[in-house]
Amino acid sequence: MSASIIDLRSDTVTKPSAAMREAMMKAEVGDDVFGEDPTVNLLQQKVADLLGKEAALYVPSGTQANQICLKVHTQPGDEVIMEKGCHLFNYETGALALLSSIQPHVVEGVLGVMNLSDIKKAVRPKLYYMPRSAAVAIENTHNRAGGTIYPIETIREIHDFTRAEKMGFHLDGARLWNACVETGIAPKEYASYFDSVSVCLSKGLGAPVGSVIAGSKDFIERARKFRKIFGGGMRQAGILAAAGIYALDHNRERLKEDHAKLRYLADELTRISSLSIDREAVQTNILLIGIEKTGKTQEEVLALLKSKGVLLTLGNWMSVRAVTHLDVSMEQVKQAAGIFHELFD
Ligand code: TLP
């Protein structure tokens, strides 16, 4: 990507820094399918400790992490309750049906948040002719709602309920790190309410590849089997895990900078009357920009921005999405804001 391009498509576009590559080069490796890669083992231990769980498992992607967890939580024919805009339902290519033969029971949340009362209404009576409500899955931060943070009180309530109902509780924490730096709530505190947590190293943290699942020893042993079935058993993966360790050690605190860049962009775009910004949703590093009043389609807006060297992606209905990250500077964000003014003011 040329230096003049300002790439706000996703925090997944970051490239490993020189120091991260150095760490990768020096990584000790072994065959991880035999459990013999010391760097993978170190990463797994590190994430288990950070999240206060008994064990953890390194997997190639956030999608695979989510899919493995729901496979462990369910039997074919079961249902999992989740929010309508969540990644599991929208962006994992129907994998729940394909890989686990389960159906999502979607509930419409507010800013991506389902309350306990919404969830209670979605739980099926225990009748043999109805699907079993096996688990609840939530996303924190919530991507499609604009990087919104799940309130910890709501998480606690859902935890107490799922525990009482003997249902599983899964967290898609691809961007849990963003929620943690913004709220000051420790990863361990968030994770303590869930049976399974998936976190990504390749979003805001800047590693090139990888996610980690954390849970009880028993959960992780079962997850390991499905990781192999789903084709995620890797060999000398320590070379990648080293990037993950580097990312956890160096790039968590700095996520605050991404949030500051996003707030700047949101402030600027709020001043443009043809664009709509929901200020309540401006919480971390994702901005949804409503474009209805521009009279243009999403594709037209994306093409116009691209012609000026600014890349965004589709958001929800009539919106486009900007994401700030490690590889986009405040200076570039200011330039991007200037281009928005030029095109849409
Ligand atoms: N999100 C990507 C796209 O797939 C939309 C992005 O650019 O934001 N959970 C959440 C909450 C995610 O946002 C993503 C990726 C995933 C899971 C999946 O991670 P990967 O891409 O590693 O499979």
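The values are calculated or read from the model by the stated rules, or taken from the named source; none is laboratory data. It should be emphasised that the depicted structure is a prediction, and the values quoted were computed from it without experimental measurement. Methodologically, a virtual Cβ is constructed for each residue, glycine included, from the backbone with ideal geometry; neighbour enumeration extends over all protein chains shown. Heavy atoms of the whole protein, side chains included, go into the accessibility calculation; ligands, DNA and RNA do not. Shrake-Rupley method; radii C 1.70, N 1.55, O 1.52, S 1.80 Å.
Which residue fluctuates the most in the chain, going by a Gaussian network model with Cα springs under 10 Å, if the choices are GLY77, GLY295, GLY206?
Greatest mean-square fluctuation among the candidates belongs to GLY295.
Most mobile of SER61, SER274, SER133 per a Gaussian network model of the chain (Cα springs, under 10 Å)?
SER274
Quick one: net charge of GLY30's neighbours, Cβ under 9 Å, K/R +1, D/E -1? Walk me through the intermediate numbers first.
Values: positive: ARG235; negative: GLU28, ASP31, ASP32, GLU36, ASP37.
Residues close to GLY30 contribute a combined charge of -4.
Between beta-carbons, use under 13 Å as the cut-off and find the net charge around LYS217, counting Lys and Arg +1, Asp and Glu -1.
Values: positive: LYS53, ARG222, ARG224; negative: GLU54, ASP195, ASP218, GLU221.
Net charge around LYS217: -1.
Under a GNM of the chain (C-alpha, springs under 10 Å), which listed residue has the highest mean-square fluctuation: GLY204, GLY52, GLY146?
Most flexible of the set in this elastic network: GLY52.
Suppose every Lys and Arg Cβ carries +1 and every Asp and Glu Cβ carries -1, with no other charges. What dipole size does the chain come out with about its Cα centre, to the nearest 20 debye?
On the way: 40 positive and 42 negative charges, 99 e Å.
Once rounded to the nearest 20, the dipole reads 480 debye.
Between segment 107-168 and segment 12-55, what is the C-alpha centre distance in whole Å?
31
How large is ³J(HN,Hα) for each residue in segment 42-53, as worked out from phi by the Karplus curve 6.51 cos²θ - 1.76 cosθ + 1.60 (θ = phi - 60°), to whole Hz, x for Gly and Pro?
So the J values, rounded to whole Hz, are 5, 4, 4, 5, 4, 5, 4, 5, 4, 9, x, 10.
With a 1.4 Å probe and all protein chains left in place, how much of the accessible area of the chain comes from carbon and sulfur atoms, in whole percent? Don't skip to the answer; put the middle values down first.
Values: 7790 of 14700 Å².
Reported share for carbon and sulfur atoms: 53 percent.
Treating cross-link reach as a plain straight distance, find the aspartates and glutamates whose alpha-carbon is under 13 Å from the alpha-carbon of LYS188, omitting any fewer than eight places away in the same chain.
Qualifying aspartates and glutamates at Cα under 13 Å: ASP49, GLU54.
Mind checking which of ALA241, ALA207, THR270 is farthest towards the positive end of segment 175-304's charge dipole, using Cβ charges of +1 (Lys, Arg) and -1 (Asp, Glu) about the Cα centre?
My answer, from the dipole projection, is ALA241.
Just to confirm, what accessible area per residue do you get for segment 18-250 at 1.4 Å probe, in whole Å²? Walk me through the numbers on the way to the answer.
Details: 9500 Å² over 233 residues.
Result: 41 Å² per residue.
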